[in-house]
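To start, the structure under review is shown below, and the notes come after it.
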Amino acid sequence: MEAVAAATAALAVVAAGPATAGDPTVSDPRVVAHFDFAAGQNAENIALEPDGSADITFVFARQVARVTKEGVTTILATLPEVPDAQTPVGGAVVLGIARAHDGTLYVAYATGTAETGIWRIGPGGGAPEQIAQLPADSFPNGLALDEKCATLYSADSARGVVWSVPLDGGDPTVWASGAALEPTAEIPFGANGIKVHEGAVWVSNSARATLLRIPVGPGPDRAAGPVETRSTGLTGIDDFAFTGHGDTVLAALNQVDKLELVRPDGTHKTVLTGADGLDNPTSVAVRAKTVYVNSAAFFNAQDPDPNLLLARITKNKR
């Protein structure tokens, strides 16, 4: 998620590349659910259920919803109201989401108070419970789960760090930091989307328009290795997902209404646009042959349409 002020940032030069025979193809985009902008249902982050339903966070409504592939929406939980909440985007906001195999959901909640941190929602929904407290001035955005190591990773957009949080709760620690994760003077949102993928934690930096890879070290401490920049020129990058095709990524470019395919060599091309139904896309998920894309409509003052879009992905062979 990005502050409204970020919409005025200068556009980066896109490191575009030609299509190749091995590029996955994204086709047949269709919006399956429209959400209530006036009620704060700006679709922010996404986790998938075994049946293909999507668990989605609604930023300003402080809600977690389940949306079927047919578009039927059910509210699972509402994060508690926090009086005098203050965050870089206004009041309290629910952001990243991750799902454990048993159906437990974990969400990132930013309030500017002691309630800022990671919250747990039991299988099937119910009252959320805070399991980890982060500093009040942090902005925990993307959230990723490494269930094998019982660890949650949270990308902090305000502080420009990655937090490590024990799955059963407890004190968070700064797992990764450095200039590559930090915001800039012009755009106050740095580390944003986050995924665990093949021995590394991958992070997007919205301010720097980059996709980063951080190796996870061996041993029980699983320390962060040196931050590697894998792609640049990804203007307004928010969350992202791997296609299942090696290190190929689909990234939501929030400010410019694009879904970008990022190749392992860092070159990238646009595969969906606002004409397909995107309205400030925030997050992506991939399951088998289906791509899910959330749109939050943060910057669309004329006719905002927060929605969930599904498309088909074909993983072509070289």
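Worth a mention:
- Largest GNM mean-square fluctuation across 100, 47, 158, computed for the chain with C-alpha springs under 10 Å, falls on 100.
- Average silhouette area of segment 37-80, convex hull of alpha-carbon atoms, in square nanometres: 3.0 nm²
- ³J(HN,Hα), Karplus 6.51/-1.76/1.60, whole Hz, each residue of segment 147-159, x for Gly, Pro: 5, 4, 9, 6, 9, 9, 10, 10, 8, 9, 5, 7, 7
- Overall dimensions of the chain by Cα: Rg and Dmax, Å: 17.6, 55
- When 197, 268, 245 are sorted by how many other C-beta atoms sit within 10 angstrom of their C-beta, beginning with the fewest, the order is 197, 245, 268.
- Highest-fluctuation residue, 118, 214, 97 considered, GNM on the chain with Cα pairs under 10 Å: 214
- Highest-fluctuation residue, 263, 208, 30 considered, GNM on the chain with Cα pairs under 10 Å: 30
- Spatial separation of Cα centroids for segment 225-249 and segment 255-301, in angstrom: 13 Å
- The GluC sites (Glu not before Pro) of segment 28-95 meeting both criteria, a DSSP state outside H, G, I, E and B (loop) and at most 15 other C-beta atoms within 10 angstrom of the site's C-beta, are 70, 81.
- All-pairs alpha carbon distance profile, segment 189-253, 10 Å steps from 0, percent: 23, 52, 22, 2
Bear in mind that the values in this text are calculations on the coordinates, not laboratory data. In this text the structure is predicted, and so the values were computed from the model without any measurement. In this analysis, Cβ positions are derived from the backbone assuming ideal geometry, glycine residues included, and neighbour counts consider all displayed protein chains.
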